[in-house]
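Notes to accompany the following structure.
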Amino acid sequence: MICIAGRALAAGPAQAYLRAGEHGQALLMSRLGECYAVTPKHVIADELFATLVGGSPGAPQGDGDLLQTFGYDLSILRASGELTRQCGGALTAVPALGQLLATADSGVVTSVNGDGSISRRSVTLTDVGLIYLRLRPRSMDDQLFKGLSGSLVLADQQPIGILMSVDPETGEGRALRYDRAIEILRPFFGLPASVVREEEKSTVDTGSGSNMAGEVVEWSAPPLSAEYRAANLVDPRETETIWLVRPEGFPIELVVALPGDKAHVVSALRLVGNGVEPKTRLPRDFEILVSNADTGGWIPVRSGSYFKNEADKLVEFAPVRARRIMLRIYSHWGDTEAIGLSGIEIPALQ
């Protein structure tokens, strides 16, 4: 079983058993010759040091020194010792999980025991959200429990989540989506928050001269004033005109109609934040939906997070025919007065 798990995760993170404030699990990822351990913050608690046991024959030992904690109960440690010889794959681009999660209904939670052996528990995916997944054990032998926090969740041999907690009453687990976790960690290494894998990219015009966004036709929240109306989002002046609403009543929705009374093939949407100050007014978690109908018919195509250090964010997805595109905003960066953007662009296919 250990060999099978090792081969399956060769290009992904390795795993380790972790002892600190509590005991739990850690994912091992490499970056520029160093090995890092990622684990839920509550497993570390108030400790600055952790002991690690690798999930492979011989149970290689290692130490972990806390480097930083993040939102969503994540922390990262610098790993040292023998187990770093078997550190996982490099922390590179954010994986595109939308298509996989749209069809997957089951998965496997893998964890490392204190003796280095691997345990696998089969689960059913009961809910797939923008940030979290809900997991239900498939049998009594697959029960989830405290001490498994930080375990890797797989579907079709691909990482899809990190187990964060288990409900003691229902036995259901909650996992942070793996793509969200990578987005959160990348800025720590000075990397852009969201980079789509090359094989997932569409051929789109990434310049600013071919915007197919026609008109903002629907919005769920009124502007702060006439100066900040939704129509500003498709104003070619962008940073001179911005859209602002009060950050309440989430999700906040905006619908952009494409030009003409016909469907267009689209594969990307760019969110522009230049000119929005302070940056805590930018949206954070969002979802993109498309429709080829005049009313209703919404299909989710992509979700993501807009980070404060990004001037704009190009969100790419598989080409699809659409007449309207919806931006659905789920959260923001903390400003209590306003949330907004300076533009929405829909690049034309080359």
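For LYS41, give me every one of the lysines with a C-alpha distance below 25 angstrom, ignoring sequence neighbours fewer than eight places off in its own chain.
Correct list for LYS41: LYS146, LYS308.
How high is the relative contact order of the chain, in percent, with contacts defined as C-alpha pairs under 8 Å that are six or more residues apart? Before the final figure, lay out the partial values.
Numbers: 910 pairs, mean separation 48.8, N = 350.
RCO, the chain: 14 percent.
List, in order, the whole-Hz ³J(HN,Hα) value for each residue of region 175-183 obtained from phi through the Karplus relation with A = 6.51, B = -1.76, C = 1.60 and θ = phi - 60°; use x for Gly and Pro.
10, 6, 4, 5, 5, 5, 4, 5, 4
For a protection proxy built on the mean count of beta-carbon atoms within 10 angstrom, sort 146-159, 80-93 highest first, please. Each step should come with its number before you reach the end.
Values: 146-159: 20.8, 80-93: 17.5.
Result, highest mean first: 146-159, 80-93.
Rg and Dmax of region 9-191, using alpha carbons, in Å: what are they?
14.9, 44
Per 0.36 nm of contour for each residue apart, how much would the distance between ALA102 and ARG85 grow if the chain were fully extended, relative to their Cα-Cα spacing?
Numbers: separation 17, 0.36 × 17 = 6.12 nm, distance 3.57 nm.
Working it through step by step, the gained length comes to 2.6 nm.
Chymotrypsin sites (Phe, Trp or Tyr not before Pro) within region 67-153: which are DSSP loop residues with at most 13 other Cβ atoms inside 10 Å?
When the chymotrypsin sites (Phe, Trp or Tyr not before Pro) of region 67-153 are filtered for loop state and at most 13 Cβ neighbours within 10 Å, PHE145 remain.
What nm distance separates the two modelled labels at ASP235 and VAL265, each placed 7 Å from Cα along Cα→Cβ?
3.4
No lab work stands behind these numbers, since they all come straight from the coordinates. Keep in mind the model is a prediction, meaning the values are calculated, not measured. Neighbour counts run over all protein chains shown; Cβ positions are idealised from the backbone, glycine included.
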